[in-house]
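Input: a single structure, listed below in structure tokens.
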Amino acid sequence: GAGVSQSPSNKVTEKGKDVELRCDPISGHTALYWYRQSLGQGLEFLIYFQGNSAPDKSGLPSDRFSAERTGGSVSTLTIQRTQQEDSAVYLCASSFGTGGDEKLFFGSGTQLSVL
Amino acid sequence: AQSVTQLDSQVPVFEEAPVELRCNYSSSVSVYLFWYVQYPNQGLQLLLKYLSGSTLVKGINGFEAEFNKSQTSFHLRKPSVHISDTAEYFCAVSEKGFQKLVFGTGTRLLVSP
């Protein structure tokens, strides 16, 4: 596709349920990031994938959060047993480079609301 | 580990006035620095970046930023703002050789007539 695609665009769930958020990066981009955007918190780094290397999971807030990237392309962020504080916009981004100097292309995000 | 501080959560300014959005970073190694902008109801997009060389970098829409290594700052400036510049601006840093990009908490620029 022309850009980074995220689905769903909106997700409303009940506390305690599991949710899966999907990201389709730009074709050929080797790096993929997940960020969380909350009011007053800016963009919080969650996890980073680069090619076939082990992902950098240092930003995941708890063991309820996990992510995978299949075939070096599509990524899924899973939140288990959702809590109200998980409500936020989850952003995915991809880039072509490997050295941290490349422009990130962001998706439109998934607005997650936990009731 | 690197970190970014944007002290101003909101900056109100009148149209055609100059503006400076402040960004300070913390890192023990060489860094790359970025400014991203998020217009209302739109995704984030790159405004400008500093990788090396000239410390003054120019970006889209008339914005520029200056890298100051001694003050560990990368402030964003525009000499004359427009209503259409109303947006949230995020400063970000990555350490050379590493892909992880860390963002600040953002500064909301509000331009009024």
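The values are calculated or read from the model by the stated rules, or taken from the named source; none is laboratory data. What you are looking at is a predicted structure, and each value in this text was computed from that prediction instead of being measured. Positions of Cβ are generated from backbone atoms using ideal geometry, with glycine treated the same way; all protein chains shown enter the neighbour counts.
Return the residue satisfying two criteria in turn: it lies in region B:60-113 and is among the small types (G, A, S) and more than 15 Å from B:W35 (Cβ to Cβ), and of such residues it is nearest to the other protein chains (Cβ to nearest Cβ).
Within region B:60-113, the subset among the small types (G, A, S) is B:62, B:65, B:70, B:73, B:80, B:84, B:87, B:92, B:94, B:97, B:104, B:106, B:112.
Remaining after also requiring more than 15 Å from B:W35 (Cβ to Cβ): B:70, B:80, B:84, B:97, B:112.
Details: B:S70: 22, B:S80: 26, B:S84: 20, B:G97: 6, B:S112: 22 Å.
Looking at the filtered set, the residue picked out is B:G97.
Taking the options B:Y36, B:Y25, B:Y89, name whichever one is more than 10 Å from the chain's Cα centre (by Cα) and aromatic (F, W, Y). Give the steps one after another, and end with the answer.
Details: B:Y36 fails: more than 10 Å from the chain's Cα centre (by Cα); B:Y89 fails: more than 10 Å from the chain's Cα centre (by Cα).
Answer to the check: B:Y25.
If we scan region B:33-41, do we find a residue that is under 23 Å from A:Q50 (Cα atoms) and either more than 9 Å from chain A (Cβ to nearest Cβ) or touching a helix residue (DSSP H, G or I) at 6+ places or on another chain (Cβ under 7 Å) (or both)? Write out each step before concluding.
Initially, region B:33-41 is screened for residues under 23 Å from A:Q50 (Cα atoms), giving B:33-36.
Now restrict to residues that are either more than 9 Å from chain A (Cβ to nearest Cβ) or touching a helix residue (DSSP H, G or I) at 6+ places or on another chain (Cβ under 7 Å) (or both): B:33, B:35.
Yes, some residue in region B:33-41 is under 23 Å from A:Q50 (Cα atoms) and either more than 9 Å from chain A (Cβ to nearest Cβ) or touching a helix residue (DSSP H, G or I) at 6+ places or on another chain (Cβ under 7 Å) (or both).
Any chance you could count how many residues in region B:10-57 are small (G, A, S) and assigned to a strand (DSSP E or B)?
Restricting attention to region B:10-57, the residues satisfying the condition of being small (G, A, S) are B:17, B:26-28, B:30, B:43, B:52-54.
From the residues that got through so far, the ones that are assigned to a strand (DSSP E or B) too are B:26.
Count: 1.
So, in region A:103-113, of the ones that are at the interface with another protein chain (Cβ under 8 Å from one of its Cβ atoms) and surrounded by 21 or more Cβ atoms within 10 Å (Cβ to Cβ), which residue ends up farthest from A:A67 (Cα to Cα)?
Only one residue tops the list, namely A:L104.
Tell me which strands (runs of 3 or more DSSP E) are completely within region A:1-73 and hold 1 or more residues being within 14 Å of another protein chain (Cβ to nearest Cβ), modelled with pLDDT of 95 or more and in contact with a helix residue (DSSP H, G or I) (Cβ under 6 Å, 6 or more places away or on another chain), or say none if there are none. It would help to see each step written out before you state the result.
Details: elements: A:5-7, A:10-13, A:19-24, A:31-38, A:42-50, A:65-69.
In region A:1-73, there are no strands (runs of 3 or more DSSP E) which contain 1 or more residues that are within 14 Å of another protein chain (Cβ to nearest Cβ), modelled with pLDDT of 95 or more and in contact with a helix residue (DSSP H, G or I) (Cβ under 6 Å, 6 or more places away or on another chain).
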